[in-house]
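The values are calculated or read from the model by the stated rules, or taken from the named source; none is laboratory data. Here the structure is a predicted model, which means the values were calculated and not measured. A quick note on method: Cβ atoms are made from the backbone with ideal geometry, for glycine too, and the neighbour counts reach across all protein chains shown.
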Amino acid sequence: MASTFGALFIGEVMGKAPCVLCWFQRIFMFPLALILVIACYRSDFAVWKYALPLAVIGWGIALYHCLLIAGFIPENIKPCGAGTPCSGADMMLLGSVPLPLISLIAFTVIAILLVLIRRRTLV
C-alpha cells in the first residue's frame, strides 16, 4: 500500500510524470496492493500462488531500471525520456536514493514475504 500511495503522491500531488519503466513497475505494484490487502483480510495463505509472479516480474523490471540508471546496462532506449528523468535530483528520496531502487526494495520485501508464506503453507 505504501508503494502505491507513494507512486500516486509523486504523480498526482507533486506532478511528476513517470517514465515508461516506472509505468511498468506500477502495473505490477498496484494490483499487488489490492491482492495483498484482500489476502490479509481473508487470511488467505495461498496468496503466494497469484501474487508472487507479479512481484517477481515487477522486481525484474525494477532491477533493469536500477541497472540502467547506475550505468551498468547501456541505454539503447530512453525509458526516462518522457516525463521527469528518474535519475534527476527531484526524483530522489532523501536526496540520494532513486525511486526505482525504492521500487526494487519493495518488490524484494514482498517476494521474500510471499516465499516465506509459501514455505509455511507447504510444511
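Mind counting the residues in segment 28-74 that are over 14 Å from the mean Cα position of the chain (by Cα), closer than 29 Å to Ser96 by Cα and surrounded by 12 or more Cβ atoms within 10 Å (Cβ to Cβ)?
5
Enumerate the pairs (first residue in segment 20-46 and free of Cβ contacts under 8 Å to residues at least 24 places away in the same chain and charged (D, E, K, R); second residue anywhere and crowded, with 16+ Cβ neighbours inside 10 Å and outside any helix (DSSP H, G or I)) with beta-carbon separation below 9 Å, excluding pairs fewer than 6 apart on the same chain, so at least 6 apart or on different chains.
Arg26/Pro18
Is it the case that segment 103-114 has a residue that's at pLDDT below 90, surrounded by 12 or more Cβ atoms within 10 Å (Cβ to Cβ) and either within 13 Å of the chain's Cα centre (by Cα) or not in a helix (DSSP H, G or I) (or both)?
Scanning segment 103-114, I find at least one residue that is at pLDDT below 90, surrounded by 12 or more Cβ atoms within 10 Å (Cβ to Cβ) and either within 13 Å of the chain's Cα centre (by Cα) or not in a helix (DSSP H, G or I) (or both), so the answer is yes.
Going through Ile69, Ile27 one at a time, which residue ends up being among the β-branched types (Val, Ile, Thr), within 15 Å of Gly6 (Cα to Cα) and at pLDDT 75 or above?
Answer to the selection: Ile27.
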